[in-house]
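Notes follow once the structure below has been shown.
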Amino acid sequence: MAQATVNSSDLRQRIQKMLEGTPGIMTPMIARKLNVSEAEVLRHFPDDDTNELDGARAADLIEEFEQLGRVHVICSNGDCILESYGRFGGFSRAGGFLNVQTDTLDMHIKAANITQAFALRKPSHTDQQPTYSFQFFNEEGRSVFKVFVYKTVVEAGGDEINERLEAWNALKDKYALNA
């Protein structure tokens, strides 16, 4: 499907209007409705809710996810969506892949294909609670995978909520584009 060419100001306004009507709308749905890539949606999200990260440093960022504890990982290829809960760790690099191998996650990521990354805060589409995620995209703006901290933070309860959100914020700031 060809992506529409939309000026930045217009795209930002259209996204803002969609979010005002349905704050929990999922970013892939916004992208489909506006006929743009999901990465472009995140790039034009309200400034307080998204931060573009340095995609060239994606592998380094991913290797720091171990400190986030149990997370919710989502991978989609357009025809299948896989959701998993687990912990990052057991990192290695071989054959062009960044490998994550723990008892709960087994991922093989072509990190060199990640060219765009974002940290996003937005209401959940299921219960409107705030979500905190890191999202990775390829050159075409298609999702490679997403790592959500929110759902596991709520399950953790207590002080662990603050610790995980502090870790999310620290990583967001550390890997910010032009940081």
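Derivation of every value follows stated rules applied to the coordinates shown; laboratory data play no part. Everything numeric here is computed off the predicted structure, so don't read it as measured data. Please note: Cβ atoms are built from the backbone with ideal geometry, for glycine as well, and neighbour counts cover all protein chains shown.
Using alpha carbons only, what's the Rg to Rh ratio of the stretch 51-174 with Rh from Kirkwood? Over the Cα atoms of the stretch 51-174, Rg/Rh equals 0.94. Placing R0 at 22 angstrom, the Cβ-Cβ distance between Glu166 and Thr115 gives a FRET efficiency of 0.20 after rounding to 0.05.
Assigning unit charges at the beta carbon (Lys, Arg +1; Asp, Glu -1) and nothing else, what dipole magnitude in debye, to the nearest 20, does the chain show about its Cα centre?
Using Cβ point charges on Lys, Arg, Asp and Glu, the chain gives about 480 debye.
Peptides 60-70, 92-102 ordered by packing proxy, namely the average of other Cβ atoms within 10 Å per residue, highest first: 60-70, 92-102. Each of the peptides 139-145, 39-45 was scored by the mean count of other Cβ atoms within 10 Å over its residues; in descending order, highest first, they stand as 39-45, 139-145. Packing, as the average of other Cβ atoms within 10 Å across residues, places the peptides 16-25, 114-123, 128-137 in the order 114-123, 128-137, 16-25, highest first.
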